[in-house]
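Reviewing the structure listed below.
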Amino acid sequence: SANGDLAIGKLIADAMNKVGRDGVITVKDGKTLNDELEIIEGMKFDRGYISPYFINTSKGAKVEFQDALVLFSEKKISNVQTIIPALELANQQRKPLVIIAEDVDGEALSTLVVNRLKIGLQVAAVKAPGFGDNRKSTLSDMAIATGGVLFGDDANLIKLEDVQPSDLGQIGEIVITKDDTLMLKGKGKKADIERRAEQIRDQIQETTSEYEKEKLQERLARLASGVAVLHVGGSSEVEVNEKKDRVTDALNATRAAIEEGIVPGGGSALLRCIPLLNDLKTANEDQATGVEIIKKALRMPCMTIARNAGIDGSVVVAKVEDLGPEFGYDALNNEYVNMIEKGIIDPTKVVRTALTDASGVASL
């Protein structure tokens with residue numbers, strides 16, 4: 001999928017090793033000539049501070065806190081009285097407080113800003129990411145990862161005014177910019193985090209919606225593995241876009257390989273299925289004809305590769321069928337090799353779905 005580009009293969013392998021099978025890997029345009037791998041450990045989401053008046057550092061327009069407390073609310077916070085108890089708890093512990101809620105506005109926001117500017121109150125407010133049920137689930141993930149609770153959740157009947165120290169999440173570090181928030185070193189219990197991750201894995205298996213599956217995988221990555229960003233570099237937009245396509249193809253192939261394993265490439269894996277069809281007992285002439293059609297189709301990928309290389313396809317197919325299970329035809333070097341050792345492989349899922357889809361289309 002990477003057209004033999006070893007650098008792309010290494011980049012993807014490094015990303016996979018860093019974030020694991022549950023991690024999310026995204027591909028973006030780089031800002032240099034080189035390809036770069038960025039690993040985001042912790043929980044990062046695309047929402048920033050609600051007001052720039054919360055900025056507390058001269059090193060860029062951002063909020064930075066160490067050893068902070070976090071208040072999570074599924075509901076909008078407008079009344080300042082509801083968050084005064086949390087502010088008092090943070091003040092007693094001499095720790096910054098970050099409020100992550102559906103929104104913070106009105107009297108609550110203006111009071112936080114005034115106290116931030118006049119007395120240097122260590123506080124910041126951030127809008128929660130997502131919408132509807134997805135936002136609620138993401139907030140619950142964050143609460144579990146930091147050892148806090150989600151206020152406004154039907155399962156938690158505690159009011160904001162009755163907040164206790166154990167209800168607030170704890171994080172070692174948080175960085176909030178205009179556009180996103182990164183939480184590092186959450187103090188949640190490992191057993192609780194793993195239990196939550198297992199629930200998300202079950203949901204991924206059960207859902208039939210690709211959109212829902214993508215959102216669940218993002219949540220799982222934030223909670224358990226981290227996120228890897230592949231920054232694809234180049235000297236022109238055309239070069240970057242071409243390389244991005246190859247990286248994306250290679251990444252999808254890698255994911256498929258992790259999911260169902262690999263088989264020898266070059267169409268040789270399909271040829272290994274033919275002996276099984278020879279032994280298949282059919283009930284009638286129509287079924288027998290169908291089996292012969294499939295057998296012919298299984299030979300075509302290997303035959304086509306050979307023909308494209310200027311070689312007699314039928315001769316190559318016959319030769320490969322006589323070789324061992326891992327052997328096939330290397331068209332680039334015009335030789336018969338162990339395809340696994342040579343790195344000429346296909347994801348099992350890709351080969352299987354190609355055959356299944358072709359069969360489905362042919363039967364229309």
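The values are calculated or read from the model by the stated rules, or taken from the named source; none is laboratory data. Every value quoted in this text rests on a predicted model; they were computed, and no experiment measured them. When we count neighbours, we look across all protein chains shown, and the Cβ atoms used for this are built from the backbone with ideal geometry, even at glycine.
From the list L364, L298, which residue is loosely packed, with under 11 Cβ neighbours inside 10 Å and either over 30 Å from G20 (Cβ atoms) or not assigned by TED's automatic domain parsing to the domain that holds Q205 (or both)?
On the way: L298 fails: loosely packed, with under 11 Cβ neighbours inside 10 Å.
After ruling out the rest, the residue left standing is L364.
Filter region 23-45 down to the residues that are of a type in the set (A, V, I, L, M, F, W, C) and either over 19 Å from G9 (Cβ atoms) or over 18 Å from the mean Cα position of the chain (by Cα) (or both), then identify the one that is surrounded by the fewest Cβ atoms within 10 Å (Cβ to Cβ). Top of the filtered list is L33.
Quick grid of which residues meet (1) surrounded by 18 or more Cβ atoms within 10 Å (Cβ to Cβ); (2) in contact with a helix residue (DSSP H, G or I) (Cβ under 6 Å, 6 or more places away or on another chain); (3) at pLDDT below 95; (4) not in a helix (DSSP H, G or I):
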position	(1), (2), (3), (4)
A61	no, no, yes, yes
L71	yes, yes, no, yes
K76	no, no, yes, yes
Q81	no, no, yes, no
V114	no, no, yes, no
D133	no, no, yes, no
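The residues on offer are I99, I144, and the sole one that is of a type in the set (A, V, I, L, M, F, W, C), assigned to a strand (DSSP E or B) and either out of contact with any helix residue (DSSP H, G or I) (no Cβ under 8 Å at 6 or more places or on another chain) or closer than 28 Å to Q199 by Cβ (or both) is I99. Restricted to region 194-305, the set of helices (runs of 4 or more DSSP H) holding at least 2 residues that are free of Cβ contacts under 8 Å to residues at least 12 places away in the same chain comprises 210-220, 237-260, 274-278.
Candidates D153, D179, D202: the one that is assigned by TED's automatic domain parsing to the domain that holds A124 and either farther than 18 Å from K95 by Cα or surrounded by 19 or more Cβ atoms within 10 Å (Cβ to Cβ) (or both) is D179.
Scanning region 46-59 for residues that are surrounded by 16 or more Cβ atoms within 10 Å (Cβ to Cβ) and not in a loop (DSSP other than H, G, I, E, B) returns Y49, F54.
If you go through region 306-323 and keep only what is of a type outside the set (V, I, T) and either outside any helix (DSSP H, G or I) or not assigned by TED's automatic domain parsing to the domain that holds V351 (or both), you end up with A309, G310, D312, L323.
Whether a residue is among the β-branched types (V, I, T), in a strand (DSSP E or B) and not assigned by TED's automatic domain parsing to the domain that holds N252 was assessed, and V337 passes this test.
When you scan region 218-230, do you find a residue that is farther than 17 Å from G130 by Cβ and of a type in the set (D, E, K, R), even just one?
Step one: filter region 218-230 for residues farther than 17 Å from G130 by Cβ, giving 224-226, 228-230.
Narrowing the set further to residues that are of a type in the set (D, E, K, R) leaves none.
The answer is no, given that none of the residues of region 218-230 is farther than 17 Å from G130 by Cβ and of a type in the set (D, E, K, R).
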